[in-house]
1. Mind telling me which of the residues PHE345, PHE320, PHE314 ends up being assigned by TED's automatic domain parsing to the domain that holds GLN87, touching a residue at least 40 places away in the same chain (Cβ under 8 Å) and hydrophobic (A, V, I, L, M, F, W, C)?
2. Might you check whether a residue that is under 28 Å from ALA259 (Cα atoms) and in contact (Cβ under 8 Å) with a residue 60 or more places away in the chain occurs anywhere in segment 330-337?
3. Being among the small types (Gly, Ala, Ser), more than 15 Å from ligand 1 (Cβ to nearest atom) and touching a Pro at 6+ places or on another chain (Cβ under 8 Å): is that true of GLY203 here?
4. Could you tell me which residue of segment 265-294 is surrounded by the fewest Cβ atoms within 10 Å (Cβ to Cβ), considering only residues that are under 19 Å from LEU41 (Cα atoms) and either within 16 Å of ligand 2 (Cβ to nearest atom) or of a type in the set (A, V, I, L, M, F, W, C) (or both)?
5. Go through ASP113, ASP123, ASP97, ASP40 for me and flag whichever is closer than 25 Å to ASN352 by Cα and either within 16 Å of ligand 2 (Cβ to nearest atom) or of a type outside the set (S, T, N, Q) (or both).
6. Report those strands (runs of 3 or more DSSP E) wholly inside segment 262-355 carrying at least 1 residues which are within 15 Å of ALA171 (Cα to Cα) and under 17 Å from the mean Cα position of the chain (by Cα).
7. Does THR182 satisfy being β-branched (Val, Ile, Thr), more than 10 Å from ligand 1 (Cβ to nearest atom) and surrounded by fewer than 21 Cβ atoms within 10 Å (Cβ to Cβ)?
8. Could you name every one of the strands (runs of 3 or more DSSP E) located completely within segment 40-123 that has at least 3 residues being more than 15 Å from PRO147 (Cα to Cα)?
Amino acid sequence: MKAVVATELDQFSVENVELDPPKVGEVLVRMKATGVCHSDLSMINGTIPTPFPTVLGHEGAGIVEQIGEGVTHVEAGDHVVLSFVPQCGECFHCIHDEPYLCNVAKVDGNLLDGTSRARMNGDYIAVMSFLGNMAEYAVVPSICVVPIEKDVSFQAAALVGCGITTGVGAAIKTARVAPGATVAVVGCGGVGLSVIQGCRIAGAKRIIAVDLSAEKMEMAKSFGATDTVTPGANTVREIMGMTGGIGVDYAFEVIGRPATIETCVKLARRGGRAVLVGVGRMEERFSVNALILPLTAKTIQGCMYGSVNTKTDFRMYLDFYRRGLLDLDGMVSRTYSIDEAPQAFADLESGNNARGVILYP
Ligand code: PAD
Ligand code: ZN
């Protein structure tokens with residue numbers, strides 16, 4: 001089968017990869033749609049460390065082709081969304097209502113038993129986040145597979161696997177944005193635009209979008225932003241001015257850069273919150289002076305996967321979509337064949353798309 005593989009640092013290509021059949025507790029999924037997220041690019045460029053080669057892909061939807069022994073919650077023919085975090089239901093975090101932090105297995109490019117089902121040129125290779133679903137098929141842990149109803153398009157469902165769940169969840173679950181709140185969203189790519197939609201759903205009164213791309217800020221308005229600010233030396237002063245010198249209740253950083261993280265900490269009002277969604281490099285640091293957090297009672301909060309409970313939230317977001325609360329169709333700017341993956345990544349890097357999605361026949 002064809003798969004998009006990060007072969008070495010800064011290199012990726014469409015490769016021929018073979019898959020072993022699913023073992024106990026695993027599922028073979030025929031992919032129908034895979035979203036191209038910045039985290040995929042971050043695996044290629046080393047921002048998120050990974051062994052090479054790695055089959056990319058962690059946002060997607062497809063059809064169950066075959067189930068392994070012991071799998072009972074899905075069967076062949078079911079439509080499913082994949083979760084890039086397994087949810088075991090038994091570890092410390094799962095039983096303490098933090099299933100997005102489930103630590104049933106190490107994220108080392110293998111499946112839960114510490115081995116891979118994907119082979120390239122005869123050798124077993126890694127897969128991204130237990131999935132590696134930027135491929136025609138994927139063998140994944142059954143606890144990463146969530147069945148959905150068959151009435152939604154695969155390209156809409158795919159976004160629920162990462163960008164939508166992370167962004168909308170950052171607003172309504174992680175930060176619990178209150179009705180009437182004022183928010184800033186710094187970085188309006190696929191995830192940031194989803195944060196904007198989440199803030200709109202939560203009833204935020206003012207949603208200030210900040211992105212280098214004027215096109216992205218136009219998109220931001222169509223998803224619910226009330227104001228836009230072009231980033232520059234005066235971003236903080238400008239937004240302070242717009243909020244009567246108070247700052248915002250919640251400032252979301254959705255890029256993963258020290259400078260924009262520091263901007264968000266400054267934008268949060270006294271008692272407000274900076275929510276860090278963007279994933280930066282391990283060797284990078286941001287700085288906050290030692291006086292400011294206690295005296296202003298600000299909070300800096302990390303957001304992992306929009307604090308998702310995949311068992312309930314994937315269907316909740318699809319329900320929001322059916323009811324017209326959440327725009328998924330407008331989030332898909334362009335679709336690609338798997339052979340066009342290089343173009344999809346080029347468009348991600350140049351910021352052309354809200355989301356690009358690879359479709360399979
Ligand atoms: P994207 O590439 O689609 O969007 C990034 C946006 O940031 C683009 O619109 C850029 O124009 C904009 N941008 C870049 N630099 C600046 C700047 N200095 N000032 C203002 N705007 C800027 O990425 P994405 O939306 O797919 O992902 C965003 C981040 O979220 C990325 O770091 C990704 O790894 C992370 C992520 N986190 C989780 C999680 O669980 N926390 C899940 C999924 C993605
Ligand atoms: Zn992602």
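The values are calculated or read from the model by the stated rules, or taken from the named source; none is laboratory data. Owing to the predicted nature of the structure, the values given are computational and were not obtained by experimental measurement. Counting neighbours? That spans all protein chains shown, and the Cβs are built from the backbone with ideal geometry, glycine included.
1. Values: PHE320 fails: assigned by TED's automatic domain parsing to the domain that holds GLN87; PHE314 fails: assigned by TED's automatic domain parsing to the domain that holds GLN87.
Being assigned by TED's automatic domain parsing to the domain that holds GLN87, touching a residue at least 40 places away in the same chain (Cβ under 8 Å) and hydrophobic (A, V, I, L, M, F, W, C) holds for just one of PHE345, PHE320, PHE314, which is PHE345.
2. Yes.
3. It is true that GLY203 is among the small types (Gly, Ala, Ser), more than 15 Å from ligand 1 (Cβ to nearest atom) and touching a Pro at 6+ places or on another chain (Cβ under 8 Å).
4. Initially, segment 265-294 is screened for residues under 19 Å from LEU41 (Cα atoms), giving 276-284.
Going one step further and asking which of them are either within 16 Å of ligand 2 (Cβ to nearest atom) or of a type in the set (A, V, I, L, M, F, W, C) (or both), we end up with 276-280, 282.
On the way: LEU276: 23, VAL277: 30, GLY278: 22, VAL279: 17, GLY280: 19, MET282: 10.
Result: MET282.
5. Just a single option satisfies the conditions, and that option is ASP40.
6. Numbers: elements: 268-276, 299-302, 332-336.
In segment 262-355, 268-276, 299-302 are the strands (runs of 3 or more DSSP E) which contain 1 or more residues that are within 15 Å of ALA171 (Cα to Cα) and under 17 Å from the mean Cα position of the chain (by Cα).
7. no
8. Details: elements: 60-67, 79-82, 118-120.
The strands (runs of 3 or more DSSP E) meeting that bar are 118-120.
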